[in-house]
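Every number here is computed from the coordinates shown, using simple stated rules; none is lab data. Bear in mind the structure is a predicted one, so any value in this text is a computation, not a measurement. Counting neighbours? That spans all protein chains shown, and the Cβs are built from the backbone with ideal geometry, glycine included.
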Amino acid sequence: QILQLEKDGHWGGSLELIQEQTYSSAVSSIQFTDIKEGVYDVHLMQLSNVQGTNDQTESKFYLYEDGVGWETASVYQWARQIQTTAGGSTEQRSTTRDGITLVGSNDNDTNEKNNAYVYFYNLGNSSKYSFCTFQTVGIDYYETGMHFGGAVLPQASKVTGIRFDVSANNFSSFTLGLYGVKQI
């Protein structure tokens, strides 16, 4: 029975592709506005080959609160650890962040790309805070680095959209996939 449920995509933990967006030209913002928040309480976003058109551009997520709009105020709480192949290690955190910083630097040289996954929790539940955890790996100035962290929007609200922005200029190319995670 379990094998049949897995085959049919009804067994918990399986993924449903909600939407995939691929870009090969300059774009500064990507929005997911139909995230099936009433169906899934856990979402997975995969980012493949994110690259900026300029060096040192920061990328952030913003959440869309039902009835409020895109939350861009300094209300997010966020922390991450950064490790590099050169032996560098640092921690960053804030209780007043204006968005969820995923990758601190998107550069534009050949192969300076970032890949990541982000899990979002409770987005469609208006009585709970919205959380996320993330892990990235990429190359910045020819040094490989890894970011691991999490964030929370510490206000109970129903989130119905996710936006991914770059701080300056544009992203040059990448693919974003948003999935719903079925519960066990």
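Relative protection proxy for 118-129, 156-167, 20-31, from highest mean packing down: 156-167, 118-129, 20-31 (other beta-carbon atoms within 10 angstrom). If the label point is 7 Å along Cα→Cβ of S126, which residues in the stretch 15-36 have backbone nitrogen under 19 Å from it? In the stretch 15-36, the label zone of S126 (backbone N under 19 Å from the point 7 Å along Cα→Cβ) covers 34-36. For N49, neighbours were defined as the other residues whose beta-carbon sits under 12 Å from its Cβ, and their charges (Lys and Arg +1, Asp and Glu -1) total 0.
What FRET efficiency would be calculated for the residue pair E58, Q21, taking the C-beta separation as r and a Förster radius of 25 Å, to the nearest 0.05?
Details: r = 20 Å, r/R0 = 0.79.
So, using R0 = 25 Å, E works out to roughly 0.80.
Taking label points 7 Å from Cα along the Cα-to-Cβ direction, S14 and Q183 give a separation of 1.8 nm.
Only Cα sites of the stretch 120-159 enter the Debye sum here, all with the same form factor; the resulting log10 I(q)/I(0) across q = 0.16, 0.19 1/Å is -0.50, -0.58, listed in q order.
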